[in-house]
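Quick notes on the structure that follows.
The values are calculated or read from the model by the stated rules, or taken from the named source; none is laboratory data. Everything quoted here is computed from the prediction, not taken from an experiment. All Cβ positions, glycine included, derive from the backbone under ideal geometry; neighbour counts span all protein chains shown. Areas reflect the complete protein model, heavy atoms only, side chains present, ligands, DNA and RNA absent. Shrake-Rupley method; radii C 1.70, N 1.55, O 1.52, S 1.80 Å.
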Amino acid sequence: GGVDGKAVLFDAETDKIITSVEANHKRINDVEFYPSEDLVAFVTCGADNTASFWIHNEGIKEKYRILNHTNQITSVSFHPLKEYALVGSKDNYWSFHNLFKGICLTKQKSEAEINTVKIHPDGKYIII
């Protein structure tokens, strides 16, 4: 992702641009691929306080936009069950989302701004 808010999807085998999307209105802070070989999808997190889940199936489509933070979303991590993602923000909150249903499952306060979030491969633990 770029400082211009655009995310560019490349095909590494052909060295060609597949698509480019205006994912955020400000700088993109983090991007993460959806963990599947069957679906080309990714999340972008931005300085515009939003994150978006994009699916590329014969074109690009924004499936879900996370709008429940009041400061930059800085990081994203996918849960091993794949349909869930954790995001962290500089608003001192982290939130957990079902990306396919488009809902926030929980939003929790942290003691400080969040720069990075990760979910353990077994899905039982998160680190903020």
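Here the chain yields Rg over Rh of 0.96, to two decimals, using C-alpha coordinates and the Kirkwood radius. Computed over neighbours whose Cβ is under 13 Å from that of ASN24, the net charge equals -1, Lys and Arg +1, Asp and Glu -1.
Each Cα pair under 8 Å and six or more residues apart adds its sequence gap; the mean of these over the residue count of the chain is a relative contact order of 16 percent. What the phi angles of region 68-76 give under the Karplus curve with 6.51, -1.76 and 1.60, with θ = phi - 60°, is a coupling list of 9, 10, 10, 8, 3, 8, 9, 7, 9 Hz, glycine and proline written as x.
Along the chain, the longest continuous region that contains none of the chymotrypsin sites (Phe, Trp or Tyr not before Pro) in a DSSP loop with at most 16 other C-beta atoms within 10 Å is 1-99.
For region 11-89, the set of GluC sites (Glu not before Pro) satisfying both a DSSP loop assignment and a count of at most 13 other C-beta atoms within 10 Å is given as GLU13, GLU37, GLU58, GLU83.
Accessible-area rank, largest first, for ASP48, ASP11: ASP11, ASP48, with all protein chains present and a 1.4 angstrom probe. With K and R counted +1 and D and E -1, the other residues having a Cβ less than 14 Å from that of ASP91 yield a net charge of 0.
Please list LYS118, LYS61 from largest to smallest accessible area, probe radius 1.4 Å, with all protein chains kept in place.
Ranked list, largest accessible area first: LYS61, LYS118.
Summarising the amide proton neighbourhood of TYR64: residues at separation of 5 or more, or on other chains, whose placed amide H is nearer than 5 Å comprise PHE53. For TYR34, the amide hydrogen comes within under 5 Å of the amide hydrogens of ALA41, PHE42, VAL43, counting only partners 5 or more places away or on other chains and with H modelled in the peptide plane.
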